[in-house]
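A quick write-up on the structure given underneath.
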Amino acid sequence: MYLSKRAFGFAWGFFCGLALLSVTYLVLILDTQGATIEKLSIILKGYSVSWAGGLFGFLYGFIIGFGFGFCFALIYNFVINVIKKINLK
């Protein structure tokens, strides 16, 4: 069974983006410090614990998650190909 690189990347991207958006908005709604999540602004330019920053977080989360999912599916498919070739000999 092969994984679709684009679909797996999209699924991971959407999940990671939604997770970062949710955590950012949860910190805003609960009116907590959010010092730990605020440190993401060092790595992710434009991100902050704000309503607009949550949207930047979704975008960054989607891009990072898509890259991870795409690479994971690529490596998975490669390993499956190698295993199939070994079993054919």
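In segment 1-86, counting only helices (runs of 4 or more DSSP H) that sit wholly within it, the ones holding 3 or more residues that are over 18 Å from the mean Cα position of the chain (by Cα) span 5-30.
Residues in segment 12-43 that are small (Gly, Ala, Ser) and out of contact with any helix residue (DSSP H, G or I) (no Cβ under 6 Å at 6 or more places or on another chain) were compared, and the one that is farthest from residue 60 (Cα to Cα) is 35.
Applying the set (1) surrounded by fewer than 13 Cβ atoms within 10 Å (Cβ to Cβ); (2) closer than 17 Å to residue 21 by Cβ; (3) β-branched (Val, Ile, Thr) to residue 82 leaves exactly one unmet item: (2).
Laboratory data are not the source of any read-out in this text; all were calculated from the coordinates shown. Just so you know, these numbers come straight off a predicted model, no measurement behind them. Please note: Cβ atoms are built from the backbone with ideal geometry, for glycine as well, and neighbour counts cover all protein chains shown.
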